[in-house]
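Asker: Have a look at the structure that comes next, please.
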Amino acid sequence: MAEHRYRLPERRLIPMQLQHSDGRVHYLLEAEEQILRSIASRAAVPEILNEICTALDCQIGNMVSLISLPGDDVASSAEIASNAALFGLHIFSSTGIFGECGEELGSLEMYCCTERDPSTHEVKLIARAACLAAIAMERQTKSGHQADDCGPKKGPARGDARRWPVSMN
């Protein structure tokens, strides 16, 4: 039987399976489904972004993730990386989060206990997390005011699954 731990971000329990569990893909799908439900129910964007980081940290392990928004009153990426190094953390990944019109919505920074590069599988997870974050941020923007038209669409639409990373294996 799979072992579970629970972490309480704000007011929700999120099941976290241990790394040695056989249900890693099952956990990932459950976590993504919960995030999509939060987006659909118009949960607060900071709460959704926290869910994304929590799921990503649990799936990869020994990770600390941070999603920064443009205009945040937080330290610069260089300052954050410097402070992380004081605690023995190394930059693992830095990924931009972009909207359907190509505008930068934020960035996903990840720090790891050991200095290493992400595996191919981890790169796919990070891309999927950035995609979910973009959906959440754009939904908030569009619900706040009329959606901006970014001109004629070329290629697949924003929600088209052909643009998303497909395999988590």
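Values in this text are rule-based calculations from the coordinates and carry no lab data. Bear in mind the structure is a predicted one, so any value in this text is a computation, not a measurement. Heads up, the Cβs are rebuilt from the backbone with ideal geometry, glycines too, and the neighbour counts pull from every protein chain shown.
Asker: Run the quick spin-label model on residue 79 and residue 142: label points 7 Å from Cα toward the beta carbon, then report their separation in nm to one decimal.
Answerer: 3.4
Asker: With all distinct Cα pairs included, what does the Kirkwood hydrodynamic radius of the stretch 58-117 come out to in Å, to one decimal, could you say?
Answerer: 12.3
Asker: For a Förster distance of 25 Å, can you work out the FRET efficiency between the beta-carbons of residue 37 and residue 69, rounded to the nearest 0.05?
Answerer: After rounding, the FRET efficiency stands at 0.65.
Asker: Could you work out how much longer the chain between residue 123 and residue 94 gets when fully extended? Use 0.36 nm per residue separation minus the Cα distance between them, nm to one decimal.
Answerer: Extra length available between residue 123 and residue 94 comes to 9.4 nm.
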